[in-house]
Structure formats: structure tokens, C-alpha cells
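What follows is calculated from the coordinates using simple rules that are stated; it is not laboratory data. What you see is a predicted model, and the numbers here were worked out from it, not measured in a lab. FYI the Cβ positions are ideal-geometry reconstructions off the backbone, even for glycines, and counts take in every protein chain you see.
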Amino acid sequence: MIAAAESLLAAARKGDTRSIARLLTIVENDEPGSADILRALYPETGRARIVGVTGPPGGGKSTLVSRLAAAYRSIYDRVAIVAVDPSSPFTGGAILGDRIRMRDRFLDEGVFIRSMASRGHAGGLARATMRIVNVLDALGTGLVIVETVGVGQEEVAVVRVADTVCLVTVPGLGDDIQAIKAGVLEIADVLVVNKADTPGADDAARDLAQMLSLGHGRTEWKPPILRTSAQDGSGIDELVRAIDAHATWARSSGELEERRAGAAREEVEALLRDALVKRLESRIGSARVSDAVKRVATRELDPYRAVDELLDT
Ligand SMILES: Nc1nc2c(ncn2[C@@H]2O[C@H](COP(=O)(O)OP(=O)(O)OP(=O)(O)O)[C@@H](O)[C@H]2O)c(=O)[nH]1
Ligand SMILES: [Mg+2]
């Protein structure tokens, strides 16, 4: 391992927040040294619980996540929040402001907050998130809560790595609630109607129950539907109990093992693909690859033939 990464790791293990932040930046962006760091830490991963929180923008996810983190601090010495912010970390002033407010309101030094940009990660957002979670896990974080906006495929992929996925909706979405249906409802283990202090929470819960009844559960787990107000804190204890109940079920049913095996397979296959492409390109020669790409672009060659020809060399 390069010396800089080694000393960073040593400082991070002692709990130095700046070193932890730097370490996370290296693995998030897959900078030089990233693979070495993850290699060194991997044997110590797999201990942290991972809870995913997703849902439409502005639904109160960050507020709810802060409440959850505060509640779980009675069990875990260290809790981390990893928030995938749709805006850039440099322009996301409002979000950062929110987070500082929340830290003041609910959180103590035992909670580590990390924001990630939602774009620009080599190999995808879900893998970058998983690298961050692994580092936090190895550094002794008992629980990592991952927050993403549940809109795109990539965001859904992010929370799929969680042991328990919470889908947060709000009253008054009306027909818009259909928008969250695709992909997200299928992976939700716990459904939350947040802002239950505002009108329409019963309707929202009923709509969710109806949507659930249409789907065919992949497992025998029946996602409970809870009402919370992250603002005043009501329903948070029940939510914690529901998340814990799912975690207990996931452990005993083999679901947890299956999810973790799925994540491990995806990571190994992704690395294998990267390595194979690199190795093949260097064997074939990048000039030949570029030439084939050019001929595909000008319709002289179809992409299937191009690959056949390149592999034949
Ligand atoms: N009335 C009410 N307002 C809430 C509740 N929870 C959050 N809010 C407010 O809703 C707004 C959005 O809250 P956030 O926690 O930032 O929501 P978010 O889902 O994280 O938002 P994005 O990350 O931007 O998608 C804030 O003004 C919160 O104060 C709640 O339970 N009731
Ligand atoms: Mg948020």
C-alpha cells in the first residue's frame, strides 16, 4: 500500500474525522490507493447493519434519518448517515444547511454524516456507495443509514445493498404515488407515511396497502405500513421496531445472507468485467479497438461483428 494511504488508515482507525473523510473521498472516487484501502479493510467488513431510506424528494427522508440515527445511538456507539444528494456537493447549499440544522437538533458526535454526489462515479453510484459503507463498517460503525431520492434506477440500485429498505412517502401524493411504484415498491421492506401530522395520512396508507396487495411478494415478509412525523418525532419508536423486526426476520430466513451474496457477486462480476476489458484491450491494442469503434459509427460494421472480429485476433 502507498505510504500516504497507510498513515491515513492508521489515523482513521483512531477515529480522526478528517482522515475518515479523506479515506471516504478516495474510495468514493476510486482514486489511486482505493483498491489497497478496501483490500486492507475488507476482512473487517460485514459487521455493520445497513438500512436504506428512499422515497420522493422532499418527503422528509433526511429529517427521518436523523431521528433514526439519534434513536439507534442508544444501541450503537457509532452510527453513520450516507446521503446521496441529487445536487452537487458544491452547489447543494440548502441541503448542507438542512443537515447542519439537523445535527444541532438531534445528533451528537457519535453520528457521522457523509454526503455523496449522485453523479460521476466510475462503475456507478451503487458501487461507490458500497465502497463507502464498507469503509465505515470496517472502522467500527454499528449502523449505516443510506438515504437516496427514490426516483431513478441508479438510486434504487443504491438502496438495494441495504439489509432493510424503508420507502418514505407523504400524504397528498394522490396519483403521483404511482410514480414510485416502478422498482421501488418491490424492494421496500418497511413502508412509511411520513408527515402524518398533515392531512391525508390515512388515505396515503390505504393507497400503499392497495398497491401492496396487487404485487406478489418475493418472500413471505409482509411490509408493514407505518405513520411517522419526523418533525415532532411521533412514530419513530415504532419505525425502529419495524426495522429491527425485519432485520431479525432477514437473518433467520436466510434473506440477509442472500442479499449479501448478491452484492458480493455483483461486485466480483463488475471487477472481473473491468479487468477483462482492460486485459483484452491491451492484448488487442487500443488502436484496433478504436478502429473498430470508428467503423461501427460509420455503419461499415455492426457492433456484433466488431466484437467477433476483435475477439478473433
Ligand atoms: N409537517 C412535516 N414536515 C416535515 C416532516 N418531516 C420533514 N418535514 C419537512 O419537510 C421538508 C423536507 O424535509 P427533508 O428531511 O429535507 O426531506 P428529504 O426527503 O430528505 O428531501 P430531499 O433529500 O431533498 O429529497 C423540511 O422542511 C422538513 O422540515 C414531518 O413529519 N412533518
Ligand atoms: Mg434529504
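Out of all DSSP beta bridges in the chain, what portion is antiparallel? Express it as a percent rounded to 5.
That works out to approximately 5 percent antiparallel.
Measure nothing but the geometry: give the 0 to 90° angle between the long axis through the Cα atoms of 17-28 and the longest principal axis through the Cα atoms of the chain, rounded to 10°.
For 17-28 against the chain, the angle is about 50 degrees.
Evaluated at 37 °C with a viscosity of 0.692 mPa s, what Stokes-Einstein diffusion coefficient in µm²/s does the stretch 149-301 have when Rh comes from the Kirkwood expression over alpha-carbon pairs?
Using the Kirkwood radius from Cα pairs, D works out to 177 µm²/s.
Restrict the search to the stretch 207-299; then list the GluC sites (Glu not before Pro) that DSSP places in a loop and that have at most 12 other Cβ atoms within 10 Å of their Cβ.
Passing sites in the stretch 207-299 are Glu220.
Give me the percent of Cα-Cα pairs in the chain that sit more than 26 Å apart, rounded to a whole number.
In whole percent, the long-distance tail amounts to 51.
Grab the other residues whose beta carbon is less than 13 angstrom from that of Ser229, score K and R as +1, D and E as -1, and report the net.
-1
On alpha carbon coordinates alone, what is the Rg over Rh value for the stretch 1-42, Rh being the Kirkwood radius?
Value, to two decimals: 0.91.
Computed FRET efficiency, Cβ-Cβ of Lys294 and Tyr42, R0 41 Å: what is it to the nearest 0.05?
Efficiency for this residue pair is about 0.50.
Could you go through the stretch 34-51 in sequence order and give the Karplus-derived ³J(HN,Hα) for each residue, using 6.51 cos²θ - 1.76 cosθ + 1.60 with θ = phi - 60°, rounded to whole Hz, and x for Gly and Pro?
Per-residue couplings from phi come out as 4, 4, 4, 4, 5, 4, 5, 8, 3, x, 9, 8, x, 9, 5, 7, 10, 10 Hz.
Normalised radius of gyration for the stretch 265-312, please: alpha carbon Rg relative to 2.2 N^0.38 Å, two decimal places.
Normalised by 2.2 N^0.38 Å, the Cα Rg of the stretch 265-312 equals 1.29.
Please list, in order along the stretch 119-130, the HN-Hα scalar couplings obtained from phi with the Karplus expression 6.51 cos²θ - 1.76 cosθ + 1.60 (θ = phi - 60°), rounded to whole Hz, x for Gly and Pro.
Couplings: 10, x, 9, 4, x, x, 5, 5, 5, 5, 4, 5 Hz.
Roughly what angle does helix 236-253 make with the longest principal axis of the chain, taking Cα atoms, 0 to 90 degrees, to the nearest 10?
50
Once the principal axes of the Cα atoms of the stretch 217-313 are found, what is the range along each, listed largest first in whole angstroms?
63, 31, 24
Grab the DSSP H runs of the chain that are 4 residues or longer, score each as -39,500 (n - 2.57), total them, divide by all residues and round the 222 nm result to the nearest 500 deg cm²/dmol.
The per-residue figure over the chain is -16500 deg cm²/dmol.
Counting other Cβ atoms within 10 Å, keep those with at most 15, restrict to DSSP loop, and tell me which chymotrypsin sites (Phe, Trp or Tyr not before Pro) in the stretch 1-91 are left.
Within the stretch 1-91, the qualifying chymotrypsin sites (Phe, Trp or Tyr not before Pro) (loop, at most 15 other Cβ atoms within 10 Å) are Phe90.
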